[in-house]
Amino acid sequence: MDFDIADPSLAEKGARRIAWAGRRMPVLETIRERFRSQRPLEGRTVAACLHVTAETANLMMALRDGGAQVLLCASNPLSTQDDVAAALVEDNIPVFAVRGEDAERYYRHIHAVLDAEPDVTMDDGADLATILHTDRTELNPVGSTEETTTGVIRLRAMAKDGTLRLPVVAVNDSATKHLFDNRYGTGQSAIDGILRASNVLLAGSTVVVVGYGDCGRGVADRADGFGAKVVVVEVDPIRALEAAMDGHQVLNADDAAEIGDVFITVTGNKHVLRGRHFERMKDGAILSNAGHFDIELDLEGLIGMAVSRRPLRENLEEFELADGRRLCVAAEGRLVNLGAAEGHPADVMDMSFANQAMAAEWLIGNAGSLEPRIYTLPEELDDQVAAIKLATMGCGLEELTEEQKQYLASWQVGT
Ligand code: ADE
(Lines give C-alpha, C1' and ligand atoms only; values in the text may rest on other atoms or scores of the structure.)
Protein backbone atom coordinates (compact mmCIF):
# COMPACT_ATOMS: atom_id res chain seq x y z
CA MET A 1 0.00 0.00 0.00
CA ASP A 2 1.36 3.41 -1.01
CA PHE A 3 1.18 6.25 1.57
CA ASP A 4 3.15 9.24 2.83
CA ILE A 5 2.92 10.20 6.51
CA ALA A 6 5.27 11.69 9.12
CA ASP A 7 5.77 8.86 11.58
CA PRO A 8 4.14 5.40 11.63
CA SER A 9 5.17 4.93 15.29
CA LEU A 10 2.46 7.44 16.33
CA ALA A 11 -0.29 4.98 15.33
CA GLU A 12 -1.27 3.84 18.82
CA LYS A 13 -1.75 7.38 20.12
CA GLY A 14 -3.74 8.24 17.00
CA ALA A 15 -5.96 5.18 17.41
CA ARG A 16 -6.82 6.20 20.98
CA ARG A 17 -7.76 9.71 19.88
CA ILE A 18 -9.85 8.36 16.98
CA ALA A 19 -11.74 6.07 19.37
CA TRP A 20 -12.41 8.95 21.79
CA ALA A 21 -13.76 11.11 18.97
CA GLY A 22 -15.85 8.19 17.70
CA ARG A 23 -17.62 7.92 21.05
CA ARG A 24 -18.89 11.46 20.50
CA MET A 25 -20.17 10.85 16.97
CA PRO A 26 -23.40 8.87 17.41
CA VAL A 27 -25.08 10.04 14.20
CA LEU A 28 -22.11 8.96 12.07
CA GLU A 29 -22.03 5.69 14.04
CA THR A 30 -25.70 5.05 13.18
CA ILE A 31 -24.90 5.49 9.50
CA ARG A 32 -21.80 3.35 9.85
CA GLU A 33 -23.84 0.48 11.30
CA ARG A 34 -26.26 0.69 8.38
CA PHE A 35 -23.31 0.86 5.96
CA ARG A 36 -21.90 -2.34 7.50
CA SER A 37 -25.05 -4.27 6.65
CA GLN A 38 -26.07 -2.58 3.38
CA ARG A 39 -22.60 -1.91 1.86
CA PRO A 40 -23.87 0.94 -0.42
CA LEU A 41 -20.34 1.84 -1.56
CA GLU A 42 -19.25 -1.71 -2.41
CA GLY A 43 -16.47 -1.76 -4.99
CA ARG A 44 -16.29 2.04 -5.24
CA THR A 45 -13.31 4.29 -4.56
CA VAL A 46 -13.60 7.49 -2.53
CA ALA A 47 -10.71 9.98 -2.57
CA ALA A 48 -10.97 12.54 0.23
CA CYS A 49 -9.12 15.82 0.66
CA LEU A 50 -10.12 16.80 4.21
CA HIS A 51 -8.41 17.98 7.37
CA VAL A 52 -6.68 14.85 8.67
CA THR A 53 -8.18 14.76 12.17
CA ALA A 54 -9.60 12.17 14.54
CA GLU A 55 -13.09 13.12 13.35
CA THR A 56 -12.17 12.68 9.69
CA ALA A 57 -10.67 9.29 10.55
CA ASN A 58 -14.09 8.17 11.82
CA LEU A 59 -15.66 9.26 8.53
CA MET A 60 -13.03 7.36 6.53
CA MET A 61 -13.71 4.22 8.56
CA ALA A 62 -17.47 4.57 8.05
CA LEU A 63 -16.99 4.85 4.27
CA ARG A 64 -14.71 1.83 4.32
CA ASP A 65 -17.35 -0.10 6.26
CA GLY A 66 -19.78 0.89 3.52
CA GLY A 67 -17.64 -1.07 1.06
CA ALA A 68 -15.47 1.72 -0.36
CA GLN A 69 -11.76 1.79 -0.91
CA VAL A 70 -10.81 5.12 0.67
CA LEU A 71 -7.76 7.34 0.30
CA LEU A 72 -7.10 10.54 2.23
CA CYS A 73 -4.95 13.62 1.72
CA ALA A 74 -4.90 16.92 3.62
CA SER A 75 -7.01 19.95 2.75
CA ASN A 76 -4.57 22.26 4.52
CA PRO A 77 -0.81 21.87 4.97
CA LEU A 78 -0.97 22.74 8.68
CA SER A 79 -4.05 20.86 9.90
CA THR A 80 -2.82 17.26 9.72
CA GLN A 81 -2.72 15.33 12.99
CA ASP A 82 0.26 13.06 12.31
CA ASP A 83 -0.80 10.49 14.91
CA VAL A 84 -4.20 10.13 13.23
CA ALA A 85 -2.55 9.72 9.83
CA ALA A 86 -0.37 6.95 11.27
CA ALA A 87 -3.35 5.16 12.85
CA LEU A 88 -5.27 5.17 9.56
CA VAL A 89 -2.30 3.75 7.67
CA GLU A 90 -1.96 1.05 10.35
CA ASP A 91 -5.66 0.31 9.69
CA ASN A 92 -4.88 -0.06 5.95
CA ILE A 93 -6.33 3.27 4.86
CA PRO A 94 -3.79 5.06 2.63
CA VAL A 95 -3.04 8.59 3.83
CA PHE A 96 -0.90 11.17 2.07
CA ALA A 97 -0.47 14.00 4.57
CA VAL A 98 2.28 15.40 6.76
CA ARG A 99 1.73 18.33 9.11
CA GLY A 100 3.67 21.35 7.81
CA GLU A 101 4.16 19.94 4.29
CA ASP A 102 5.26 22.43 1.64
CA ALA A 103 3.17 23.33 -1.40
CA GLU A 104 4.96 20.84 -3.68
CA ARG A 105 4.30 17.90 -1.35
CA TYR A 106 0.73 19.09 -0.66
CA TYR A 107 -0.14 18.98 -4.38
CA ARG A 108 1.80 15.73 -4.89
CA HIS A 109 -0.49 14.22 -2.24
CA ILE A 110 -3.59 15.53 -3.98
CA HIS A 111 -2.44 13.85 -7.20
CA ALA A 112 -1.66 10.65 -5.28
CA VAL A 113 -5.28 10.19 -4.15
CA LEU A 114 -6.55 11.05 -7.63
CA ASP A 115 -4.23 8.41 -9.13
CA ALA A 116 -6.66 5.83 -7.64
CA GLU A 117 -9.25 7.01 -10.22
CA PRO A 118 -11.96 7.65 -7.63
CA ASP A 119 -15.70 7.26 -8.18
CA VAL A 120 -16.37 9.98 -5.63
CA THR A 121 -14.14 12.85 -4.52
CA MET A 122 -14.70 14.55 -1.19
CA ASP A 123 -13.38 18.07 -0.67
CA ASP A 124 -12.99 20.69 2.03
CA GLY A 125 -12.08 23.75 -0.01
CA ALA A 126 -12.55 22.33 -3.54
CA ASP A 127 -8.90 21.44 -4.21
CA LEU A 128 -9.68 18.01 -5.71
CA ALA A 129 -12.54 19.42 -7.80
CA THR A 130 -10.30 22.23 -9.06
CA ILE A 131 -7.55 19.80 -10.12
CA LEU A 132 -10.20 17.63 -11.80
CA HIS A 133 -11.00 20.69 -13.93
CA THR A 134 -7.38 21.57 -14.74
CA ASP A 135 -4.63 18.92 -14.59
CA ARG A 136 -6.70 15.75 -14.31
CA THR A 137 -9.44 16.15 -16.89
CA GLU A 138 -8.96 12.49 -17.94
CA LEU A 139 -10.71 11.41 -14.70
CA ASN A 140 -14.49 11.15 -14.58
CA PRO A 141 -15.81 10.55 -11.09
CA VAL A 142 -19.54 10.06 -10.53
CA GLY A 143 -19.48 13.24 -8.47
CA SER A 144 -17.91 15.22 -5.70
CA THR A 145 -18.90 16.49 -2.26
CA GLU A 146 -17.91 19.79 -0.71
CA GLU A 147 -17.65 20.48 3.02
CA THR A 148 -17.08 24.19 3.37
CA THR A 149 -18.46 27.63 2.48
CA THR A 150 -15.28 28.64 0.65
CA GLY A 151 -15.35 25.48 -1.47
CA VAL A 152 -19.01 25.94 -2.35
CA ILE A 153 -18.29 29.54 -3.41
CA ARG A 154 -15.47 28.30 -5.71
CA LEU A 155 -17.74 25.63 -7.19
CA ARG A 156 -20.64 28.04 -7.70
CA ALA A 157 -18.23 30.31 -9.60
CA MET A 158 -17.34 27.30 -11.83
CA ALA A 159 -21.04 26.50 -12.37
CA LYS A 160 -21.76 30.15 -13.20
CA ASP A 161 -19.12 30.39 -15.91
CA GLY A 162 -20.21 27.01 -17.35
CA THR A 163 -17.02 25.08 -16.55
CA LEU A 164 -18.36 22.74 -13.85
CA ARG A 165 -18.29 19.23 -15.34
CA LEU A 166 -19.34 17.16 -12.30
CA PRO A 167 -22.36 16.83 -10.05
CA VAL A 168 -21.37 18.23 -6.65
CA VAL A 169 -23.18 17.85 -3.35
CA ALA A 170 -22.77 21.03 -1.30
CA VAL A 171 -22.70 19.39 2.12
CA ASN A 172 -22.18 22.85 3.62
CA ASP A 173 -25.69 23.78 2.50
CA SER A 174 -27.34 21.13 4.71
CA ALA A 175 -28.85 22.89 7.71
CA THR A 176 -27.35 20.26 10.01
CA LYS A 177 -23.93 21.26 8.69
CA HIS A 178 -23.71 25.03 8.40
CA LEU A 179 -26.01 26.00 11.26
CA PHE A 180 -23.98 23.97 13.74
CA ASP A 181 -20.46 23.27 12.44
CA ASN A 182 -19.91 26.82 11.19
CA ARG A 183 -21.39 28.51 14.21
CA TYR A 184 -20.73 26.33 17.24
CA GLY A 185 -17.75 24.47 15.78
CA THR A 186 -15.83 27.47 14.46
CA GLY A 187 -17.00 29.56 17.42
CA GLN A 188 -15.40 27.23 19.95
CA SER A 189 -12.42 25.92 18.00
CA ALA A 190 -11.20 29.34 16.76
CA ILE A 191 -11.15 30.65 20.32
CA ASP A 192 -9.48 27.38 21.39
CA GLY A 193 -6.74 27.93 18.78
CA ILE A 194 -6.09 31.52 19.85
CA LEU A 195 -5.89 30.51 23.50
CA ARG A 196 -3.55 27.59 22.83
CA ALA A 197 -1.31 29.79 20.68
CA SER A 198 -1.20 32.76 23.06
CA ASN A 199 -2.80 31.92 26.43
CA VAL A 200 -4.09 35.53 26.65
CA LEU A 201 -6.97 36.48 28.93
CA LEU A 202 -10.03 37.27 26.84
CA ALA A 203 -12.08 38.75 29.70
CA GLY A 204 -11.95 42.52 29.42
CA SER A 205 -10.00 42.48 26.15
CA THR A 206 -11.30 43.74 22.81
CA VAL A 207 -11.79 40.99 20.25
CA VAL A 208 -12.36 42.13 16.66
CA VAL A 209 -14.25 39.63 14.49
CA VAL A 210 -14.00 40.43 10.78
CA GLY A 211 -16.96 38.83 8.99
CA TYR A 212 -20.37 38.01 10.49
CA GLY A 213 -21.53 34.95 8.56
CA ASP A 214 -22.37 31.74 10.44
CA CYS A 215 -18.71 31.33 11.46
CA GLY A 216 -18.13 34.94 12.49
CA ARG A 217 -21.31 34.98 14.51
CA GLY A 218 -20.18 31.86 16.36
CA VAL A 219 -16.76 33.34 17.11
CA ALA A 220 -18.30 36.63 18.30
CA ASP A 221 -20.74 34.74 20.53
CA ARG A 222 -18.03 32.70 22.18
CA ALA A 223 -15.66 35.66 22.63
CA ASP A 224 -18.57 37.47 24.31
CA GLY A 225 -19.06 34.44 26.56
CA PHE A 226 -15.44 34.79 27.69
CA GLY A 227 -16.13 38.37 28.77
CA ALA A 228 -14.43 40.08 25.83
CA LYS A 229 -15.69 43.33 24.33
CA VAL A 230 -16.59 42.21 20.82
CA VAL A 231 -16.25 44.45 17.78
CA VAL A 232 -17.61 43.23 14.45
CA VAL A 233 -16.41 44.42 11.02
CA GLU A 234 -18.81 43.67 8.14
CA VAL A 235 -19.40 44.84 4.55
CA ASP A 236 -22.98 43.55 4.34
CA PRO A 237 -25.43 46.03 5.94
CA ILE A 238 -27.94 43.33 6.99
CA ARG A 239 -25.27 41.26 8.72
CA ALA A 240 -23.77 44.37 10.29
CA LEU A 241 -27.20 45.28 11.65
CA GLU A 242 -27.62 41.75 12.99
CA ALA A 243 -24.28 42.06 14.77
CA ALA A 244 -25.33 45.40 16.26
CA MET A 245 -28.62 43.94 17.51
CA ASP A 246 -26.78 40.90 18.88
CA GLY A 247 -25.10 43.44 21.15
CA HIS A 248 -21.72 43.87 19.44
CA GLN A 249 -20.01 47.12 18.54
CA VAL A 250 -19.89 47.47 14.75
CA LEU A 251 -17.06 49.49 13.20
CA ASN A 252 -15.19 49.75 9.94
CA ALA A 253 -11.80 47.99 9.81
CA ASP A 254 -9.76 51.21 10.24
CA ASP A 255 -11.50 52.12 13.49
CA ALA A 256 -11.56 48.53 14.77
CA ALA A 257 -7.82 48.23 14.06
CA GLU A 258 -7.06 50.94 16.61
CA ILE A 259 -8.80 49.28 19.55
CA GLY A 260 -8.44 45.52 19.02
CA ASP A 261 -6.34 43.29 21.26
CA VAL A 262 -7.18 40.12 19.30
CA PHE A 263 -8.28 40.00 15.65
CA ILE A 264 -9.99 37.03 14.00
CA THR A 265 -10.78 37.08 10.27
CA VAL A 266 -13.67 34.88 9.11
CA THR A 267 -14.67 36.32 5.75
CA GLY A 268 -13.44 33.96 3.01
CA ASN A 269 -11.99 37.06 1.33
CA LYS A 270 -8.54 38.36 0.57
CA HIS A 271 -6.48 40.85 2.62
CA VAL A 272 -9.33 41.97 4.86
CA LEU A 273 -6.63 43.10 7.29
CA ARG A 274 -3.71 44.74 5.48
CA GLY A 275 -1.06 47.47 5.70
CA ARG A 276 -3.39 50.38 6.49
CA HIS A 277 -4.83 48.38 9.38
CA PHE A 278 -1.46 47.10 10.63
CA GLU A 279 -0.35 50.77 10.73
CA ARG A 280 -3.09 51.54 13.25
CA MET A 281 -2.88 48.46 15.52
CA LYS A 282 -1.74 48.49 19.13
CA ASP A 283 1.57 47.04 20.26
CA GLY A 284 1.07 43.36 21.08
CA ALA A 285 -2.10 42.87 19.03
CA ILE A 286 -2.75 39.23 18.10
CA LEU A 287 -3.81 38.47 14.51
CA SER A 288 -5.48 35.24 13.53
CA ASN A 289 -7.55 33.79 10.72
CA ALA A 290 -10.35 31.24 10.93
CA GLY A 291 -11.27 31.33 7.23
CA HIS A 292 -10.37 28.41 4.95
CA PHE A 293 -7.42 29.94 3.08
CA ASP A 294 -4.44 31.89 4.43
CA ILE A 295 -5.29 34.95 2.38
CA GLU A 296 -7.36 36.98 4.82
CA LEU A 297 -4.37 38.58 6.56
CA ASP A 298 -1.97 40.26 4.14
CA LEU A 299 1.09 38.51 5.53
CA GLU A 300 3.32 39.49 2.60
CA GLY A 301 2.43 43.08 3.39
CA LEU A 302 3.21 42.60 7.07
CA ILE A 303 6.51 40.92 6.26
CA GLY A 304 7.37 43.90 4.04
CA MET A 305 6.58 46.35 6.85
CA ALA A 306 8.45 44.44 9.55
CA VAL A 307 12.04 45.17 10.57
CA SER A 308 12.30 41.77 12.23
CA ARG A 309 10.33 38.61 13.01
CA ARG A 310 10.78 35.85 15.54
CA PRO A 311 8.83 32.90 16.89
CA LEU A 312 7.36 33.65 20.33
CA ARG A 313 5.68 30.36 21.17
CA GLU A 314 4.45 27.35 19.26
CA ASN A 315 2.06 28.76 16.63
CA LEU A 316 2.70 32.41 17.49
CA GLU A 317 5.14 34.63 15.60
CA GLU A 318 6.03 38.25 16.33
CA PHE A 319 6.63 40.92 13.67
CA GLU A 320 8.33 44.11 14.85
CA LEU A 321 7.53 47.27 12.92
CA ALA A 322 9.83 50.27 12.39
CA ASP A 323 8.12 52.27 15.16
CA GLY A 324 8.70 49.46 17.68
CA ARG A 325 5.15 48.05 17.73
CA ARG A 326 4.96 44.27 17.69
CA LEU A 327 2.14 42.38 15.97
CA CYS A 328 1.75 38.67 16.70
CA VAL A 329 0.41 36.26 14.08
CA ALA A 330 -1.10 32.93 15.14
CA ALA A 331 -0.65 29.73 13.09
CA GLU A 332 1.04 31.50 10.15
CA GLY A 333 -2.30 33.11 9.28
CA ARG A 334 -3.70 29.68 8.40
CA LEU A 335 -6.96 28.58 9.93
CA VAL A 336 -6.21 28.95 13.61
CA ASN A 337 -8.69 26.36 14.85
CA LEU A 338 -6.88 23.55 13.03
CA GLY A 339 -3.38 25.02 12.94
CA ALA A 340 -3.13 25.78 16.65
CA ALA A 341 -5.88 23.53 18.07
CA GLU A 342 -7.67 20.34 16.99
CA GLY A 343 -10.49 21.76 14.87
CA HIS A 344 -14.14 21.48 15.75
CA PRO A 345 -15.10 19.03 18.47
CA ALA A 346 -16.28 15.58 17.43
CA ASP A 347 -19.78 16.33 18.74
CA VAL A 348 -20.37 18.81 15.92
CA MET A 349 -18.30 17.10 13.19
CA ASP A 350 -20.66 14.18 13.87
CA MET A 351 -23.42 15.93 11.93
CA SER A 352 -21.16 17.38 9.23
CA PHE A 353 -19.65 14.00 8.50
CA ALA A 354 -22.99 12.17 8.71
CA ASN A 355 -23.96 14.48 5.82
CA GLN A 356 -20.70 13.66 3.99
CA ALA A 357 -21.31 9.91 4.31
CA MET A 358 -24.87 10.29 3.03
CA ALA A 359 -23.70 12.53 0.19
CA ALA A 360 -21.26 9.84 -1.00
CA GLU A 361 -24.04 7.24 -0.80
CA TRP A 362 -26.44 9.58 -2.62
CA LEU A 363 -23.97 10.23 -5.46
CA ILE A 364 -23.31 6.51 -5.94
CA GLY A 365 -27.03 5.69 -5.67
CA ASN A 366 -27.87 8.28 -8.32
CA ALA A 367 -24.87 7.68 -10.58
CA GLY A 368 -25.68 8.30 -14.22
CA SER A 369 -28.79 10.38 -13.58
CA LEU A 370 -27.13 13.52 -12.23
CA GLU A 371 -26.25 16.69 -14.10
CA PRO A 372 -23.05 18.70 -13.71
CA ARG A 373 -24.45 21.12 -11.18
CA ILE A 374 -24.54 21.82 -7.47
CA TYR A 375 -26.98 19.74 -5.45
CA THR A 376 -28.10 19.96 -1.84
CA LEU A 377 -29.00 16.80 0.04
CA PRO A 378 -32.75 16.16 0.33
CA GLU A 379 -34.39 17.88 3.32
CA GLU A 380 -35.57 14.54 4.79
CA LEU A 381 -31.93 13.53 5.28
CA ASP A 382 -31.24 16.80 7.11
CA ASP A 383 -34.24 16.13 9.34
CA GLN A 384 -33.05 12.57 9.99
CA VAL A 385 -29.61 13.80 11.07
CA ALA A 386 -31.16 16.38 13.40
CA ALA A 387 -33.60 13.85 14.87
CA ILE A 388 -30.86 11.30 15.63
CA LYS A 389 -28.66 14.01 17.16
CA LEU A 390 -31.52 15.26 19.34
CA ALA A 391 -32.29 11.75 20.55
CA THR A 392 -28.64 11.12 21.44
CA MET A 393 -28.58 14.41 23.36
CA GLY A 394 -31.56 13.27 25.43
CA CYS A 395 -33.84 15.94 23.95
CA GLY A 396 -37.55 15.43 23.25
CA LEU A 397 -39.30 16.42 20.04
CA GLU A 398 -42.93 17.51 20.01
CA GLU A 399 -45.29 16.20 17.27
CA LEU A 400 -48.14 17.99 15.52
CA THR A 401 -51.66 16.67 16.14
CA GLU A 402 -53.83 15.81 13.11
CA GLU A 403 -55.90 18.92 13.87
CA GLN A 404 -52.78 21.11 13.85
CA LYS A 405 -51.58 19.58 10.57
CA GLN A 406 -54.95 20.33 8.98
CA TYR A 407 -54.91 23.87 10.34
CA LEU A 408 -51.46 24.53 8.89
CA ALA A 409 -52.53 23.09 5.52
CA SER A 410 -55.69 25.19 5.28
CA TRP A 411 -56.25 28.84 4.40
CA GLN A 412 -59.99 29.22 5.06
CA VAL A 413 -59.80 29.32 8.86
CA GLY A 414 -58.26 32.54 10.21
CA THR A 415 -59.04 32.24 13.90
N1 ADE B 1 -13.02 21.24 10.06
C2 ADE B 1 -13.11 21.89 11.22
N3 ADE B 1 -12.88 21.08 12.26
C4 ADE B 1 -12.61 19.85 11.76
C5 ADE B 1 -12.31 18.61 12.34
N6 ADE B 1 -12.23 18.44 13.66
N7 ADE B 1 -12.10 17.58 11.51
C8 ADE B 1 -12.19 17.75 10.17
N9 ADE B 1 -12.49 18.89 9.57
C10 ADE B 1 -12.70 19.96 10.35
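Of all residues in segment 329-345 being open to solvent by less than 10 Å² (accessible area, probe 1.4 Å) and in a helix (DSSP H, G or I), which is nearest to the ligand (Cβ to nearest atom)?
For segment 329-345, the residue satisfying everything is ASN337.
For residues in segment 123-151 being among the aliphatic types (A, V, I, L, M) and in contact (Cβ under 8 Å) with a residue 40 or more places away in the chain, which is nearest to the ligand (Cβ to nearest atom)? Even if it seems obvious, please write down each step before you answer.
If we filter segment 123-151 for residues that are among the aliphatic types (A, V, I, L, M), which is where we start, we get 126, 128-129, 131-132, 139, 142.
With the extra rule that they be in contact (Cβ under 8 Å) with a residue 40 or more places away in the chain, the set shrinks to 128, 142.
Numbers: LEU128: 15, VAL142: 23 Å.
Per the stated criteria, the residue is LEU128.
Scan the helices (runs of 4 or more DSSP H) fully inside segment 43-122 and keep the ones with 2 or more residues being touching a residue at least 12 places away in the same chain (Cβ under 8 Å) and touching a Lys or Arg at 6+ places or on another chain (Cβ under 7 Å).
The qualifying helices (runs of 4 or more DSSP H) are 54-65, 82-90.
Residues in segment 162-170: is at least one at pLDDT 95 or above, under 30 Å from GLY143 (Cα atoms), touching a Phe, Trp or Tyr at 6+ places or on another chain (Cβ under 9 Å) and within 16 Å of the ligand (Cβ to nearest atom)?
Yes, segment 162-170 has at least one match.
Considering segment 1-29 alone, what residues qualify as being open to solvent by 80 Å² or more (accessible area, probe 1.4 Å), in a helix (DSSP H, G or I) and of a type in the set (Asp, Glu)?
Hit for segment 1-29 is GLU12, nothing else.
Take LEU78 and decide whether it is at pLDDT below 95, aliphatic (A, V, I, L, M) and within 16 Å of the ligand (Cβ to nearest atom). Even if it seems obvious, please write down each step before you answer.
Values: at pLDDT below 95: yes; aliphatic (A, V, I, L, M): yes; within 16 Å of the ligand (Cβ to nearest atom): yes.
Yes, satisfied.
Yes or no: segment 160-172 includes at least one residue that is within 30 Å of GLU314 (Cβ to Cβ) and either touching a residue at least 60 places away in the same chain (Cβ under 8 Å) or surrounded by 20 or more Cβ atoms within 10 Å (Cβ to Cβ) (or both). Before you say what the answer is, go through the steps one by one.
Restricting attention to segment 160-172, the residues satisfying the condition of being within 30 Å of GLU314 (Cβ to Cβ) are none.
Scanning segment 160-172 turns up no residue that is within 30 Å of GLU314 (Cβ to Cβ) and either touching a residue at least 60 places away in the same chain (Cβ under 8 Å) or surrounded by 20 or more Cβ atoms within 10 Å (Cβ to Cβ) (or both).
What number of residues within segment 156-182 satisfy the criterion of being touching a helix residue (DSSP H, G or I) at 6+ places or on another chain (Cβ under 6 Å) and farther than 20 Å from LEU381 by Cβ?
Keep residues of segment 156-182 that are touching a helix residue (DSSP H, G or I) at 6+ places or on another chain (Cβ under 6 Å), which gives 164, 168-172, 174-178, 180-182.
This time we only want the ones that are farther than 20 Å from LEU381 by Cβ, so: 164.
Of the residues in that region, 1 qualify.
Can you find a residue in segment 170-190 that is among the β-branched types (Val, Ile, Thr) and under 30 Å from ASN366 (Cα atoms)?
So in segment 170-190, the residues among the β-branched types (Val, Ile, Thr) come out as 171, 176, 186.
Now drop any that are not under 30 Å from ASN366 (Cα atoms), which leaves 171, 176.
Yes.
Working carefully through the options GLU380, GLU318, GLU371, GLU398, find the one that is out of contact with any Ser or Thr (no Cβ under 8 Å at 6 or more places or on another chain) and in a helix (DSSP H, G or I). Please lay out each step first, then the result.
Values: GLU318 fails: in a helix (DSSP H, G or I); GLU371 fails: in a helix (DSSP H, G or I); GLU398 fails: in a helix (DSSP H, G or I).
Among GLU380, GLU318, GLU371, GLU398, only GLU380 is out of contact with any Ser or Thr (no Cβ under 8 Å at 6 or more places or on another chain) and in a helix (DSSP H, G or I).
Suppose we filter THR137, THR145, THR186 for residues that are closer than 25 Å to LEU338 by Cβ, outside any helix (DSSP H, G or I), modelled with pLDDT of 95 or more and not aliphatic (A, V, I, L, M); which single one remains? Spell out the reasoning first.
On the way: THR137 fails: closer than 25 Å to LEU338 by Cβ; THR186 fails: outside any helix (DSSP H, G or I).
Matching residue, one of THR137, THR145, THR186: THR145.
The values are calculated or read from the model by the stated rules, or taken from the named source; none is laboratory data. Remember, predicted model here, so these are calculated numbers, not experimental data. All Cβ positions, glycine included, derive from the backbone under ideal geometry; neighbour counts span all protein chains shown. Remember, those area values only see protein heavy atoms, side chains included, never the ligands or the DNA or RNA. Shrake-Rupley method; radii C 1.70, N 1.55, O 1.52, S 1.80 Å.
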